[in-house]
Amino acid sequence: MTPPIRRYRLAIVIALIGLVLTVAISKEVGEWEDRHFIAEFEQLSRDKVSAIRRSIELNIHAVDALGSFFDSSEVVKREEFRIFARKMLQDSPYIQALEWIPRVPDAERALYEERARKDGFDGFSFTEREKQGTMVEAGRRDEYFPVYYVEPYEGNEAAVGFDLASNETRLEALDLARESGQTTATARIRLVQETGGAIRFSDIQAGIQETPALRGT
């Protein structure tokens, strides 16, 4: 017969062994869960990065396709732009808007503004944004890069007529795209049609030839 003290000691030893085993198993399970979580996180990250890369590629393709459309056309009318851009937007749901921004010398500003009014944009004029965020008529400068065509129009009304030359970040990208003939992205910007102070990662600009948009229209 085992003395009581020895039985207690035996019970303590068994309990301690059980505790050690429990801690060891818990540690192994915890490490496995950590490895499993890390593996899942890494796979999810790769999937997300792949999706973002694919989205960017589709967006760039849409801009390049639109640039090629202008390059291959003598004149692109507003309705032609709308039809072509609408198709591109169906395949690129993350694009806020597709726009045509012509280079307009100051001597032709009035001509472009009048033509847009005849197209149904009453009161159209080149605009710029003040530091307070208010949209005002653009000041005089040697040349302008106004948003002349935009699709979809709904939700982007405030952008129509906005002179990208009034924004240093956009103008830098436009100049680079025009000089290089290559697609160029801006740094982070705030769209004039956005509300609530939303920030967009960038605009994507495609360099295209100087299209005589008003000739023959």
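I'm checking my understanding of the structure. Among residues of segment 96-106 that are part of a strand (DSSP E or B) and of a type in the set (A, V, I, L, M, F, W, C), which one is farthest from Leu171 (Cα to Cα)?
Leu98
If you scan segment 80-94, which residues turn out to be open to solvent by less than 90 Å² (accessible area, probe 1.4 Å) and modelled with pLDDT of 80 or more?
Result: Glu80, Phe81, Arg82, Phe84, Ala85, Met88, Leu89.
Filtering segment 95-132 down to residues that are of a type in the set (S, T, N, Q) and modelled with pLDDT under 90, which residue is most open to solvent (accessible area, probe 1.4 Å)?
In this case the residue turns out to be Gln132.
Give the number of residues within segment 107-121 that are under 17 Å from Phe162 (Cβ atoms) and acidic (Asp, Glu).
The qualifying residues number 2.
What strands (runs of 3 or more DSSP E) lie completely within segment 107-182 and have 3 or more residues being under 30 Å from Asp91 (Cβ atoms)?
The qualifying strands (runs of 3 or more DSSP E) are 149-151.
Which residue pairs have Cβ atoms closer than 6 Å, lie 6 or more positions apart in sequence or on different chains, and pair a first residue in segment 45-63 that is surrounded by 14 or more Cβ atoms within 10 Å (Cβ to Cβ) with a second residue that is assigned to a helix (DSSP H, G or I)?
Qualifying pairs under 6 Å: Ala62/Met88.
The values are calculated or read from the model by the stated rules, or taken from the named source; none is laboratory data. Bear in mind the structure is a predicted one, so any value in this text is a computation, not a measurement. We place every Cβ from the backbone using ideal geometry, glycine too, and count neighbours over all the protein chains shown. To get the accessible areas, we keep the full protein, side chains included, count just its heavy atoms, and leave off ligands, DNA and RNA. Shrake-Rupley method; radii C 1.70, N 1.55, O 1.52, S 1.80 Å.
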